[in-house]
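Right, one structure below, let's go through it.
Nothing in this text is a laboratory measurement; each read-out follows from the coordinates by a stated rule. Please read all numbers here as calculations on a predicted model, not as lab measurements. Cβ coordinates were reconstructed from backbone atoms using ideal geometry, including for glycine residues, and neighbour counts include every protein chain displayed.
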Amino acid sequence: MRNGLLSVTPAFFKVWLRNAQVYVALLKFNIIPALVEPMLFILVFGLGLGSYISEIEGVPYIKFVAAGILGSASIMQATFECTYGSFFRMKIQNTFEGMISTPISAGEVGLAEILWGASRGFFNSVLVLSALLLLGIVNHWQAVFAPLFMFLAAFNFAALAIMVTSRIAQMEYFRFYFAGFVLPAQFLCGTFFPISRFPEPVQLFAWVIPFTSYVDITRSLMLDRLSWRLGLEAIYALATTLLFAEIAVRSMHKRLVT
Amino acid sequence: MVIQAKALHKRYGGVVAVESLNFSVEKGRCYGLVGPNGAGKTTTMKMVYCIVLPTSGSLHVFGMDVLREPRRIKARLGVVPQENNLDPDLTTWQNLMVYARYFGLPRQLARERCREQLDFMHLSERAGTPVPDLSGGMKRRLIMSRALVNDPELIILDEPTTGLDPQVRHLIWDKLLELKDRGITLLMTTHYMDEAQKLCDEIIIMDQARRIDEGSPAELIRRHLPPYVLEVRASRGLAADILARFPGFSHQESGQSLYFYAGAAADFDGILSAWPRAEHVLRPASLEDVFLKLTGREIRA
């Protein structure tokens, strides 16, 4: 318990603030490129591919895929921030070493990085959701809760990313992580088409990844299809997210304090 | 005692970085850790500021165990690391303010301290400069300012002047002496023996993970060497000739140089009159001679 989440004090928020300060200073570099991918997805899947598909699960394709676009934009932001971004701060700039030479603990740096990655995913989901609302793709009021679940999905991926970042010696290993996990998760977790299309073992595998639950919950909110099953999904997704965060925080401690 | 280390060990896998180290640091004095690269100096310092955990033995800073109270220890010390770890995404001023926040200083106090420390290190005009635009010497001075924002009782400096021009080195020396006069304890490493001799009250010589001696610069010189050194530049042939003619003269050979040691300058007259044209320097023994005597003059593979 000593170096895990329970050891973290509110001081961790100071590290989050440092990241936010840098983000704001470089705002234009951060916001515009982050919107390109989701806008491209809306164009490709909505107007392009969507025009060949009449309906999926009883709704126009673009309405179905909106949750997937939102989800993949969020997790990608969090993942990039907590892989390349965190690694750069940790190994190249030695910023973390500077932080832990003060009363800030290594676990606090770890949690702050995760929360920061999640925050970036959240900001992004708010922007993308606004675009989806403006375009009339999303029109149920429950959709305003979507960013909350996008925040949690991003938190989940940020924690996974910190688990990887705190364990690798060089950045090149991220390529394995992206190819082996992030990209498959981005496409196979019910983001762009229902996973019921898959053979059962693959479906099972998809449900193991908590992202599937987060996307499903978000989609249900956007399409106004609430059911009790979503509660179970939420419990599972939250529990795994917490578990990943605990592992990531310990792992960061082990990396920084040798 | 500000620092007390007893039988301190640090092992990384099979590699022993620090072995059976005993030392203590008294308040208000400057301690120097000197030794060849890889001797364990940086590891020792990192254990003091709680980012490296001892494998065994005990280490207390301000009377607190580094394993139990790292947060409270770190709150009271300032660190000048060997490698620049300033935040390149921020300006000079922001670097200090962000750091002050890590120490939990209230905003108003933080502002005052940062202004004071920038002024102390002659950086006030650079407050708005992004870190990547600072020169090497300015970065070093900024790291010094940063180490002072929390008004530390102990400052740990890992090679504070490596790679700096003489002006900045002298400025840093002045400032360190000023801090010592204020009663702040200093623990530093350096590869410059002139720096160690000038700043340190007490020197701990380390080699191959162990402490091999400790004392004030003057004591160390007295303990290990006669007061005078004659350094003669000599090819292998000339060296053999001199040594054949003056057997038994206390000496050391290294590369193209011969070092003779004696209790009085006049003792070298024989050598100098026999080879009047040999290139030579006659000087008092220095800390550098002691260092090289104890750790060897040769480069290790």
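Set the bar at 30 Å for Cα to Cα. Now go through A:Lys91/B:Lys293; A:Lys91/B:Lys180; B:Lys41/B:Lys74; A:Lys91/B:Lys41; A:Lys254/B:Lys175; A:Lys254/B:Lys293 and name every pair that lies beyond it. It would help to have the intermediate numbers written out before the result.
Numbers: A:Lys91/B:Lys293 37 Å; A:Lys91/B:Lys180 33 Å; B:Lys41/B:Lys74 19 Å; A:Lys91/B:Lys41 21 Å; A:Lys254/B:Lys175 36 Å; A:Lys254/B:Lys293 39 Å.
Pairs exceeding 30 Å: A:Lys91/B:Lys293; A:Lys91/B:Lys180; A:Lys254/B:Lys175; A:Lys254/B:Lys293.
For peptide B:99-106, what's the mean number of Cβ atoms from other chains within 10 Å of each residue's Cβ?
5
Over the alpha carbons of the stretch A:104-254, what is the largest minus smallest coordinate on each principal axis, giving the biggest first in Å?
That works out to 45, 37, 28 Å along the principal axes.
Fewest first, what order do B:Asp87, B:Asp174 take by the number of other Cβ atoms within 10 Å?
B:Asp174, B:Asp87
Sum -39500 (n - 2.57) across every DSSP H segment of at least 4 residues in chain B, then divide by the residue count to get the 222 nm mean residue ellipticity, nearest 500.
Working: 11 runs with 108 residues, N = 301.
Estimated from H runs of four or more residues: -10500 deg cm²/dmol.
Any chance you could list the semi-axes, whole Å, largest first, of the equivalent ellipsoid that the Cα gyration tensor gives for the stretch B:120-204, using √(5λ)?
Numbers: eigenvalues 97, 48, 22 Å².
Value: 22, 16, 10 Å, ordered largest first.
For the pair B:Glu279 and B:Ala218, what calculated FRET efficiency results from E = 1/(1 + (r/R0)^6), where r is the Cβ-Cβ distance and R0 = 30 Å, to the nearest 0.05?
Taking R0 as 30 Å, the efficiency between B:Ala218 and B:Glu279 is 0.55.
Please report, in Å, the Rg and the Dmax of the protein assembly as shown, where both are computed over Cα atoms only.
30.9, 108
Report the paramagnetic label zone for B:Arg233: residues of the stretch B:252-291 whose backbone N is under 12 Å from a point 7 Å from Cα along the Cα-to-Cβ axis.
Within reach of a label on B:Arg233, which here means backbone N under 12 Å from a point 7 Å along Cα→Cβ, the stretch B:252-291 contributes B:256-258, B:278-281.
If you fit an axis through the alpha-carbon atoms of helix A:106-134 and take the longest principal axis of the Cα set of chain A, what angle between them do you get, 0 to 90°, nearest 10?
Orientation of helix A:106-134: about 20 degrees from the principal axis.
Can you tell me the 0 to 90 degree angle between the C-alpha axis of helix A:61-80 and the longest principal axis of chain A, rounded to 10?
The answer is roughly 10 degrees.
For q = 0.13, 0.24, 0.25 Å⁻¹, what log10 I(q)/I(0) does the stretch A:195-258 give under the Debye formula with an equal point scatterer on each alpha carbon and no solvent?
-0.48, -1.00, -1.04
So, R0 is 41 Å and r is the distance between the beta-carbons of A:Leu17 and B:Trp173; what FRET efficiency does that work out to, to 0.05?
E between A:Leu17 and B:Trp173, to the nearest 0.05, is 0.70.
May I ask for the percentage of alpha-carbon pairs in the stretch B:157-235 that lie more than 16 Å from each other? Walk me through the numbers on the way to the answer.
On the way: 1864 of 3081 pairs.
Value for the stretch B:157-235: 60 percent of Cα pairs lie more than 16 Å apart.
Can you list the aspartates and glutamates whose alpha carbon is less than 16 Å from that of B:Lys6, not counting same-chain residues fewer than 8 positions off?
Cα-Cα hits under 16 Å: B:Glu19, B:Glu26, B:Asp65, B:Asp213, B:Glu214.
Work out the FRET efficiency for B:Ala127 and A:Thr9 from their Cβ-Cβ distance, taking R0 = 41 Å, and round it to the nearest 0.05. Write out the running numbers ahead of the final one.
Working: r = 30 Å, r/R0 = 0.74.
Computed FRET efficiency for B:Ala127 and A:Thr9: 0.85.
List B:Arg277, B:Arg141 from most exposed to least, where exposure is judged by having the fewest other Cβ atoms within 10 Å. Intermediate values should be presented prior to the final figure.
Working: B:Arg277 5, B:Arg141 25.
In increasing order of surrounding Cβ atoms, one gets B:Arg277, B:Arg141.
Counting only helical runs of four or more DSSP H residues, what would the 222 nm mean residue ellipticity of chain A come to if each run contributes -39,500 (n - 2.57) and the total is spread over all its residues? Walk me through the intermediate numbers first.
On the way: 11 runs with 166 residues, N = 258.
Roughly -21000 deg cm²/dmol at 222 nm, from the helical runs in chain A.
Could you give the semi-axes, largest first, of the ellipsoid that matches chain A, computed as the square roots of 5 times the alpha carbon gyration tensor eigenvalues and rounded to whole Å?
Whole-Å semi-axes of the equivalent ellipsoid: 33, 19, 16.
Express in whole angstrom the spacing between the alpha-carbon centres of the stretch B:222-301 and the stretch A:119-192.
Cα centres, the stretch B:222-301 to the stretch A:119-192: 70 Å.
Let me know the shape class of chain B, please: from the alpha-carbon gyration tensor, a ≥ b ≥ c as square roots of the eigenvalues, rounded when a/c is under 1.5, otherwise prolate if a/b is greater than b/c, or oblate. Please list the in-between numbers first.
Working: a/c = 2.55, a/b = 1.79, b/c = 1.42.
Prolate, because a/c is 1.5 or more and a/b exceeds b/c.
Along the principal axes of its C-alpha atoms, what lengths does the stretch A:102-142 span, in descending order and rounded to whole Å?
The principal-axis extents, from largest down, are 49, 16, 10 Å.
With a point put 7 Å past each Cα toward its Cβ, work out how far A:Ala239 is from B:Glu83 in nm, to one decimal.
In this crude label model, A:Ala239 to B:Glu83 measures out at 4.1 nm.
Contour minus end-to-end for A:Tyr52 and A:Arg2, with contour as 0.36 nm per residue of separation and end-to-end as the Cα-Cα distance? Show your work: numbers first, answer last.
Numbers: separation 50, 0.36 × 50 = 18.00 nm, distance 5.58 nm.
This chain segment gains 12.4 nm when fully extended.
Compute the helix-to-body angle for B:236-245: its Cα long axis versus the longest principal axis of chain B, expressed 0 to 90° and rounded to tens.
That works out to roughly 60 degrees.
With the contact rule set at Cα under 8 Å and sequence spacing of 6 or more, what percent relative contact order holds for chain A? Walk me through the intermediate numbers first.
Values: 347 pairs, mean separation 72.2, N = 258.
Worked out over chain A, it gives 28 percent.
Past the 24 angstrom mark, what percentage of all C-alpha to C-alpha distances in the stretch B:168-301 do you count? Don't jump to the answer; show the numbers that get you there.
Details: 3683 of 8911 pairs.
Tail of the P(r) past 24 Å holds 41 percent of the pairs.
Where in the stretch A:170-184 does the label zone of A:Arg197 land, with the point 7 angstrom along Cα→C-beta and an amide N cut-off under 19 Å?
Backbone N within reach: A:183-184.
Please report the spacing between the Cα centers of the stretch A:1-53 and the stretch B:137-211 in Å, no decimals.
Centre-to-centre (Cα) distance: 42 Å.
Counting C-alpha atoms alone, how compact is the stretch B:18-130: give Rg to one decimal and Dmax as a whole number, in angstrom.
16.7, 47
So between B:Ser250 and B:Ser58, what do we pick up on full extension, going 0.36 nm a residue minus the alpha carbon distance?
Values: separation 192, 0.36 × 192 = 69.12 nm, distance 4.08 nm.
Extending this stretch completely gives an extra 65.0 nm.
Let me check against my output: what whole-number percent is the relative contact order of chain B, with C-alpha pairs under 8 Å and at least 6 apart? Spell out each step's value before the answer.
On the way: 535 pairs, mean separation 61.2, N = 301.
Computed over chain B, the figure is 20 percent.
Counting other beta carbons within 10 Å of each residue's own, what order do B:Lys6, B:Lys180 fall into, fewest first? Working shown, then result.
Details: B:Lys6 13, B:Lys180 18.
Ranked by crowding around the Cβ, least crowded first: B:Lys6, B:Lys180.
If you take the Cα Rg of the stretch A:9-128 and divide it by 2.2 N^0.38 Å, with N the number of residues, what do you get? Don't jump to the answer; show the numbers that get you there.
On the way: Rg = 18.0 Å, N = 120, 2.2 N^0.38 = 13.6 Å.
So the Cα radius of gyration is 1.33 times the expected 2.2 N^0.38 Å.
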